[in-house]
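J.: Dropping a structure here in structure tokens format, bear with me for questions.
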Amino acid sequence: MTQALFRDDAYLQRCQSLVTACGDDWFSTEQTVFYPMGGGQAGDQGEVKLADDLTLRIIDTRKGEAANEIRHRLAPDSPLPEVGATVELILDWPRRYTLMRLHTALHVLSCVVVAPVTGGNISEHSGRLDFDIDPSLLDAAHIEAETNRLIASAVNTETVWISDEELDAQPELVKTMSVAPPRGAGRIRLLRIPGIDLQPCGGTHVANIGEIGPIKVLKISNQGKRNKRVEIALTQP
């Protein structure tokens, strides 16, 4: 398994670790600051520095086949580090921070558009949520204004852990229809934005929603009879 350092501190930008396994174009380590693609959030990118000062490009991060394994994918034709070697993992921090801001913004958005969430995606350019909702209830100007009003409250976010049984007793916490919170570890991670939102989420988020800055609604589109997509972007770098 790989210790996911980002779960305790999403602001860590680098770490050293031992290489535990390698594949055709990937390697895994004992611990990492790289978030693997999941929950709609893109996998992290960055660099790995080897002992001989050779630096390789990490183009994606994915979950491995083993439980809790995280794999760092290298650029094509890159040499692989040796199993047992100590390497330094370095995030593409500007990209990750953008993902953190957009991911947290989607949490706020889900409290403005109150409807079951049927899907979502976060890239470095934009974020979107799909809702099972009557399209007549969606107004871009209202959604943008209300989301920005909540963001301007600059509330600190909190990580909360509950048991599977506690989540079963509060099914209303789960807003997503297509993705169930991971179970089996004995506890489930939630993001709390006091007075605004509380829901299971394993992604990376900013410490204070004020860090998001103003957002803009790019478009609202049809993805089915009642499935409507709201896409947003940040207005500040």
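The values are calculated or read from the model by the stated rules, or taken from the named source; none is laboratory data. Quick caveat, the model's predicted, so the values are computed rather than measured. Glycine also receives a Cβ, built like all others from the backbone with ideal geometry; neighbour counts cover every protein chain displayed. Remember, those area values only see protein heavy atoms, side chains included, never the ligands or the DNA or RNA. Shrake-Rupley method; radii C 1.70, N 1.55, O 1.52, S 1.80 Å.
J.: Just to check your reading of the model, which residue among Arg57, Arg62, Arg71 is among the basic types (Lys, Arg) and either touching a residue at least 40 places away in the same chain (Cβ under 8 Å) or within 20 Å of Pro214 (Cα to Cα) (or both)? Quick ask: steps written out before the conclusion?
T.: Details: Arg57 fails: either touching a residue at least 40 places away in the same chain (Cβ under 8 Å) or within 20 Å of Pro214 (Cα to Cα) (or both); Arg62 fails: either touching a residue at least 40 places away in the same chain (Cβ under 8 Å) or within 20 Å of Pro214 (Cα to Cα) (or both).
Exactly one of Arg57, Arg62, Arg71 is among the basic types (Lys, Arg) and either touching a residue at least 40 places away in the same chain (Cβ under 8 Å) or within 20 Å of Pro214 (Cα to Cα) (or both), namely Arg71.
J.: So which residues in the stretch 26-77 are of a type in the set (Asp, Glu) and in contact with a strand residue (DSSP E or B) (Cβ under 8 Å, 6 or more places away or on another chain)?
T.: Applying the first criterion (of a type in the set (Asp, Glu)) to the stretch 26-77 yields 30, 44, 47, 52-53, 60, 65, 69, 77.
Across the stretch 26-77, the qualifying residues are Glu30, Asp44, Glu47, Asp60, Glu69.
J.: Do we have Leu198 as assigned to a strand (DSSP E or B) and in contact (Cβ under 8 Å) with a residue 40 or more places away in the chain here? Before you say what the answer is, go through the steps one by one.
T.: On the way: assigned to a strand (DSSP E or B): yes; in contact (Cβ under 8 Å) with a residue 40 or more places away in the chain: no.
No.
J.: Ok, one more. Hey, can you tell me all the residues within the stretch 57-91 that are hydrophobic (A, V, I, L, M, F, W, C) and touching a Pro at 6+ places or on another chain (Cβ under 7 Å)?
T.: Of the stretch 57-91, the ones hydrophobic (A, V, I, L, M, F, W, C) are 58-59, 66-67, 70, 74-75, 80, 83, 85, 87, 89-91.
Of everything in the stretch 57-91, those that are hydrophobic (A, V, I, L, M, F, W, C) and touching a Pro at 6+ places or on another chain (Cβ under 7 Å) turn out to be Ile70, Val87.
J.: Just one of Glu30, Glu47 is among the acidic types (Asp, Glu), farther than 15 Å from Leu91 by Cβ and over 16 Å from the mean Cα position of the chain (by Cα); which is it? First the steps, then the outcome.
T.: Details: Glu47 fails: farther than 15 Å from Leu91 by Cβ.
Result: Glu30 is the single residue among Glu30, Glu47 that is among the acidic types (Asp, Glu), farther than 15 Å from Leu91 by Cβ and over 16 Å from the mean Cα position of the chain (by Cα).
J.: Quick check on Thr176: is it among the hydroxyl-bearing types (Ser, Thr, Tyr) and either under 16 Å from Arg101 (Cα atoms) or open to solvent by less than 50 Å² (accessible area, probe 1.4 Å) (or both)?
T.: When the stated conditions are applied, Thr176 does not pass them.
J.: Can I ask one more? Tally up the residues in the stretch 111-128 that are surrounded by fewer than 22 Cβ atoms within 10 Å (Cβ to Cβ) and either part of a helix (DSSP H, G or I) or small (Gly, Ala, Ser) (or both), please. Reasoning before the result, please.
T.: The first filter runs over the stretch 111-128 and keeps only residues surrounded by fewer than 22 Cβ atoms within 10 Å (Cβ to Cβ), leaving 111-116, 118-119, 121, 123-126.
So of that shortlist, the ones also either part of a helix (DSSP H, G or I) or small (Gly, Ala, Ser) (or both) come out as 111-112, 115, 119, 123, 126.
Qualifying residue count for the region: 6.
J.: In addition: Give the stretch 11-44 a look and list any residue that's among the hydrophobic types (A, V, I, L, M, F, W, C) and either touching a Phe, Trp or Tyr at 6+ places or on another chain (Cβ under 8 Å) or closer than 18 Å to His103 by Cβ (or both), or say none. So that I can check it myself, show each step before the final result.
T.: Residues of the stretch 11-44 among the hydrophobic types (A, V, I, L, M, F, W, C): 12, 15, 18-19, 21-22, 26-27, 33-34, 37, 42.
Matches in the stretch 11-44: Leu12, Val19, Ala21, Val33, Phe34, Met37, Ala42.
J.: Of everything in the stretch 129-140 that's charged (D, E, K, R) and assigned to a loop (DSSP other than H, G, I, E, B), which residue is surrounded by the most Cβ atoms within 10 Å (Cβ to Cβ)?
T.: Here is the first cut: in the stretch 129-140, the ones charged (D, E, K, R) are 130, 132, 134, 139.
Filter once more, so that each one left must be assigned to a loop (DSSP other than H, G, I, E, B): 134, 139.
Numbers: Asp134: 10, Asp139: 13.
Result: Asp139.
J.: So which residues in the stretch 141-161 are in contact with a Pro (Cβ under 9 Å, 6 or more places away or on another chain) and open to solvent by 70 Å² or more (accessible area, probe 1.4 Å), if there are any at all?
T.: Within the stretch 141-161, Ala152, Asn156, Glu158 qualify.
J.: Can you tell me which residue in the stretch 204-237 is least open to solvent (accessible area, probe 1.4 Å), limited to those that are assigned to a loop (DSSP other than H, G, I, E, B) and over 30 Å from Asp8 (Cα atoms)?
T.: So the first thing to find is which residues in the stretch 204-237 are assigned to a loop (DSSP other than H, G, I, E, B), and the list is 204-207, 213-214, 223-226, 235-237.
Cutting the leftovers down to over 30 Å from Asp8 (Cα atoms) gives us 223-226.
Numbers: Gln223: 80, Gly224: 40, Lys225: 189, Arg226: 119 Å².
Only one residue fits best here, namely Gly224.
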